[in-house]
Amino acid sequence: MTTVRSARMEDLESTAAMLNDHARGLHGVDDMTSTDLKLYWESPDVEFDTDVVVAETSGGEIVGYADLGIYGEHVWLDVRGTEPEALPSLLGEIEERAAARKPDLALLGY
């Protein structure tokens, strides 16, 4: 069973590692460094407490990630994970957060 919650800065290394596990599964290479992820999390366009969520197991392992980004007339959603069971909850949570933040904008995914 997984729990979806707001990301915390102490999740940085484990989240970057999970994102790289995901990327290796799809493309065979890493695509994220913890430095890059931290830069995104700390960027002025990101409201970290509401725009970034993770899914974790009862043992505390990060197995999923979602964030939202507002670009013009659209809200982009990014949802990734190494445990398929976590994805519906992640998507639902980030959609709710996006709708609460910008209810008048269209949602797009990548």
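Taking the range 81-91 as the range and being open to solvent by 40 Å² or more (accessible area, probe 1.4 Å) and of a type outside the set (A, V, I, L, M) as the test, the residues that pass are T82, E83, P84, E85, P88, S89. Selection of the range 18-35 for residues being open to solvent by less than 70 Å² (accessible area, probe 1.4 Å), free of Cβ contacts under 8 Å to residues at least 40 places away in the same chain, part of a helix (DSSP H, G or I) and of a type in the set (A, V, I, L, M) yields only A23. Filtering the range 95-104 to residues that are in contact with a helix residue (DSSP H, G or I) (Cβ under 9 Å, 6 or more places away or on another chain) and crowded, with 16+ Cβ neighbours inside 10 Å leaves R97, A98. The set of residues in the range 1-17 being surrounded by 15 or more Cβ atoms within 10 Å (Cβ to Cβ) and not hydrophobic (A, V, I, L, M, F, W, C) consists of T2, D11, S14, T15.
Each row is one residue, and each column tells you yes or no for (1) closer than 21 Å to A16 by Cβ; (2) open to solvent by 60 Å² or more (accessible area, probe 1.4 Å); (3) at pLDDT below 95.
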{"position": "E61", "(1), (2), (3)": "yes, yes, no"}
{"position": "A66", "(1), (2), (3)": "yes, no, no"}
{"position": "G69", "(1), (2), (3)": "yes, no, yes"}
{"position": "V79", "(1), (2), (3)": "yes, no, no"}
{"position": "E93", "(1), (2), (3)": "yes, no, no"}
{"position": "Y110", "(1), (2), (3)": "yes, yes, yes"}
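In the set (1) free of Cβ contacts under 8 Å to residues at least 40 places away in the same chain; (2) of a type in the set (D, E, K, R); (3) not in a strand (DSSP E or B), the condition left unmet by D49 is number (1).
The values are calculated or read from the model by the stated rules, or taken from the named source; none is laboratory data. Keep in mind that what you see is a predicted model, and the values were worked out from it rather than measured. Glycine also receives a Cβ, built like all others from the backbone with ideal geometry; neighbour counts cover every protein chain displayed. The accessibility values were calculated without ligands, DNA or RNA, using every heavy atom of the protein model including side chains. Shrake-Rupley method; radii C 1.70, N 1.55, O 1.52, S 1.80 Å.
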